[in-house]
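Chemist: Okay, handing you the structure first.
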Protein chains: 2
Amino acid sequence: MLQTKGYAVEAANAKFKNFDFERRDVGANDILIEIEFCGVCHSDIHQARNEWGNSIFPMVPGHEIVGRVKQIGEAVSKFKEGDYAGVGCFVDSCGTCETCQADVEQFCQVHCAQTYNSTEMDEKTPTYGGYSTQIVVKEDYALKITDTENLAAIAPLLCAGITTYSPLRKFKVGEGSKVGIVGLGGLGHMGVKFAVSMGADVTVFSTSPSKEADAKKLGAHHFVVSKNEEEMKALGGQFDFILDCVSAEHDLNAYLNLLRLDGTMCLVGVPEKPAPVHAFSLIQNNRSLAGSGIGGIKDTQEMLDYCAEKGITSDIEMINIQDIENAYERTIKGDVRYRFVIDIASLKNA
Amino acid sequence: MLQTKGYAVEAANAKFKNFDFERRDVGANDILIEIEFCGVCHSDIHQARNEWGNSIFPMVPGHEIVGRVKQIGEAVSKFKEGDYAGVGCFVDSCGTCETCQADVEQFCQVHCAQTYNSTEMDEKTPTYGGYSTQIVVKEDYALKITDTENLAAIAPLLCAGITTYSPLRKFKVGEGSKVGIVGLGGLGHMGVKFAVSMGADVTVFSTSPSKEADAKKLGAHHFVVSKNEEEMKALGGQFDFILDCVSAEHDLNAYLNLLRLDGTMCLVGVPEKPAPVHAFSLIQNNRSLAGSGIGGIKDTQEMLDYCAEKGITSDIEMINIQDIENAYERTIKGDVRYRFVIDIASLKNA
């Protein structure tokens with residue numbers, strides 16, 4: 001077994017502290033990644049604080065993992081020692097069910113072993129995430145990273161990136177699409193970058209007028225303060241696709257009304273409470289309200305390759321792992337532009 | 001102008017009574033239809049009682065109209081005198097906007113002149129519906145009826161028929177699709193007939209165990225009492241498409257959870273209040289909640305021709321117009337199998 005340093009919470013109301021644990025030995029199909037950076041996702045906070053009610057403690061969060069391959073199993077063919085690799089939101093699945101076969105392993109009908117706050121396929125062994133010095137993962141569940149110039153800024157692509165890229169592709173956003181991005185946070189800022197890169201006409205909706213300059217800098221063509229009812233009303237029936245990246249409570253109907261014929265709004269944020277949806281908001285113009293959950297390995301690799309080709313990364317603020325509590329507080333307040341990334345050297349050297 | 005007998009309410013809390021009014025003279029592109037039958041739609045009740053807050057009085061409801069062409073305008077080419085014709089939920093639209101050009105005139109961006117409780121394109125002249133002896137309508141907004149054997153049972157196709165047919169087509173229900181129909185009323189019973197005729201494996205969900213025999217008689221393969229939580233849970237993640245035909249308050253999440261990967265639930269009923277939707281219900285399996293509003297003229301004609309070919313009609317109870325108040329009460333209680341249709345002879349001869 002491989003002695004590993006981690007940073008964990010022991011309970012929902014506990015502070016993070018050093019946590020030593022063991023990773024499994026490298027199996028025939030495994031690779032060992034020496035973690036260099038790990039992004040801080042809002043869902044890390046929800047789960048560390050047991051806000052979704054499904055937390056397993058002690059918990060080592062982190063599912064936006066990038067690092068270097070240190071060792072490979074004898075049957076590994078996709079990676080060699082020294083390659084850069086990433087791990088996203090899950091580390092295993094059955095591989096044979098209908099959804100795994102459809103390359104959406106995140107919805108595996110047997111068990112999706114999430115990267116942390118979950119269990120391996122035995123449904124017993126806890127999984128520990130990227131707030132740690134190394135990880136052992138099957139090569140089929142690791143991603144190849146070819147653009148290594150700004151590795152820290154690539155980490156958030158493993159969750160925030162694929163979460164926004166996948167629905168933009170599924171709903172065929174492209175040249176000339178009129179697209180709205182609701183909320184300019186970790187997810188939203190990636191949504192803007194992707195939609196712009198795909199040729200869409202992009203409008204950012206935000207409650208904070210102060211984000212207009214940033215939105216434009218990220219490439220957005222228009223900016224609307226969503227509290228402005230007049231302005232919202234004037235945009236009725238105009239959008240092909242809206243990506244809703246907000247995890248706070250907000251009125252979905254106000255955005256549904258902006259969709260044109262057969263338009264879709266897709267939720268990628270998860271507000272704690274159900275949101276009221278009026279049937280008329282959907283029936284008018286035959287609209288749809290969709291949801292989208294991260295993406296499978298194939299799509300995630302496609303997204304990483306797309307980012308490498310287009311030069312897309314996340315805007316980040318780098319932190320030491322010892323600053324994690326403060327980073328959580330600032331994330332909750334939306335006071336980060338646009339993703340905290342932990343420099344794992346700060347854990348190694350602690 | 002053409003003197004016409006109608007049956008109207010003068011106010012939200014008024015009883016129906018005889019109402020004489022004038023239809024316009026037959027213009028070059030118009031046809032005059034002598035109405036024989038008119039279906040009773042739940043939305044007649046909502047609007048006659050001003051439950052949607054947009055009622056115009058006096059109101060002559062009715063948008064499931066069938067009858068015989070009595071006179072045609074000089075430029076009319078689609079109909080000749082003596083033909084059977086139908087009128088659905090709208091009688092005019094601009095014809096030139098993006099949605100009209102896309103054959104979804106019901107969402108006309110200028111003005112959709114609904115068959116009643118609306119105005120003509122001048123946005124002044126009130127429209128009066130099918131609880132009347134005759135109607136003048138542009139030929140382009142009238143439907144051809146070729147199957148005239150059971151004309152009364154064809155009337156409900158003009159609203160209940162197209163409302164359920166259209167989303168089943170849009171979401172590509174066909175051979176082998178696993179389809180749920182929620183609610184076995186006027187809409188639901190048409191949904192079952194259509195889905196079965198398209199080759200789907202059909203499950204009816206109802207709160208009334210007493211409807212099982214009817215569901216099976218209509219062709220459904222399975223019947224689930226939706227109050228049975230165990231049974232609902234066991235069906236999780238299995239359905240390709242669910243058509244939700246319920247206008248009463250009910251839990252959408254319980255049905256969303258039944259959808260498999262990329263599955264869609266489509267609302268065609270309109271509950272008064274917005275319904276709470278949890279983001280997780282949509283994000284799991286990348287599901288969609290859609291809405292669908294009636295259908296355009298082209299789709300409605302396609303549906304009528306499909307019904308003629310497949311021998312599909314509505315199950316009806318025929319009433320005299322003088323029984324309308326009682327029919328409304330029974331419709332509200334769900335005590336009709338499955339659509340009341342008014343024999344307009346009872347108005348003509350009154």
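Please treat every number below as a calculation from the coordinates, not as lab data. Everything quoted here is computed from the prediction, not taken from an experiment. Every residue, glycine as well, gets a Cβ built from its backbone with ideal geometry; the counts of neighbours run over all protein chains shown.
Chemist: Using only DSSP helix segments of four residues or longer, with each worth -39500 (n - 2.57), what per-residue ellipticity at 222 nm results for chain A after dividing by its residue count and rounding to 500?
Modeler: Estimated from H runs of four or more residues: -6500 deg cm²/dmol.
Chemist: As I understand it, the dipole of chain B uses +1 on the Cβ of Lys and Arg and -1 on the Cβ of Asp and Glu, about the Cα centre. Which of B:T300, B:V60, B:A153 lies farthest toward its positive end?
Modeler: Checked the options; the winner is B:A153.
Chemist: Something else about it: If the only charges are +1 at each Lys and Arg Cβ and -1 at each Asp and Glu Cβ, what is the size of the charge dipole of chain B around the Cα centre, to the nearest 20 debye?
Modeler: Charge dipole, chain B, about its Cα centre: 540 debye, nearest 20.
Chemist: Anyone know which of A:G311, A:G62, A:G269 comes out most mobile in the 10 Å Cα GNM of chain A?
Modeler: A:G311
Chemist: Let me ask something else about it. When the chain is fully extended, how far beyond the present Cα-Cα distance does B:Q322 get from B:D25, taking 0.36 nm per residue of separation?
Modeler: Contour length minus the Cα-Cα distance gives 104.1 nm.
Chemist: For chain A, set up a GNM with springs between Cα atoms under 10 Å and report which of A:Q101, A:Q114, A:Q322 has the largest fluctuation.
Modeler: Evaluated over chain A, the most mobile residue of the options is A:Q101.
Chemist: Mind checking which of B:T133, B:T96, B:T146 has the largest fluctuation in a GNM of chain B, springs on alpha carbons under 10 Å?
Modeler: Its mean-square fluctuation being the largest, the pick is B:T96.
Chemist: Taking GluC sites (Glu not before Pro) that fall in a DSSP loop and have at most 15 other Cβ atoms within 10 Å as cut points, what is the longest piece of chain B between them?
Modeler: Excluding the exposed sites themselves, the longest stretch runs over B:273-350.
Chemist: OK, next. Two decimals, Cα atoms only, Kirkwood Rh: what is Rg/Rh over chain B?
Modeler: 0.97
Chemist: Taking the alpha-carbon distance from A:K144 and a cut-off under 20 Å, which lysines remain once sequence neighbours fewer than 8 residues away in the same chain are dropped?
Modeler: A:K70, A:K78, A:K80, A:K298, A:K310
Chemist: Normalised by the residues of the range A:161-291, what does the relative contact order come to in percent, with Cα pairs under 8 Å and at least six apart?
Modeler: 22
Chemist: Return the Rg/Rh ratio of the range A:37-130 with Cα-based radii and a Kirkwood Rh.
Modeler: In the range A:37-130, Rg relative to Rh is 0.99.
Chemist: Please compute the Kirkwood hydrodynamic radius over the range A:161-291, one decimal place, Å, based on all pairs of different Cα atoms.
Modeler: 14.3
Chemist: Using Cα positions and a limit of under 17 Å, work out the aspartates and glutamates in reach of B:K172, with same-chain residues fewer than 8 apart set aside.
Modeler: Straight-line reach from B:K172, under 17 Å: A:D262, B:D201, B:D240, B:D244, B:D262, B:D299, B:E302.
Chemist: Quick one: what are the phi-derived ³J(HN,Hα) couplings along the range B:26-40, Karplus 6.51/-1.76/1.60 with θ = phi - 60°, whole Hz, x for glycine and proline?
Modeler: Whole-Hz 3J(HN,Hα) from phi for the range B:26-40: 6, x, 4, 9, 8, 10, 9, 10, 7, 6, 9, 9, 9, x, 10.
Chemist: Bin by bin, in steps of 10 Å, what percent of the Cα pairs in the protein assembly as shown do you find, going until the bin that has the longest distance?
Modeler: Calculated P(r), rounded to whole percents: 3, 14, 22, 21, 16, 11, 7, 4, 1, 0.
Chemist: Can you tell me, using C-alpha contacts under 8 Å and at least 6 residues apart, the relative contact order of the range B:1-128 as a whole percent?
Modeler: 20
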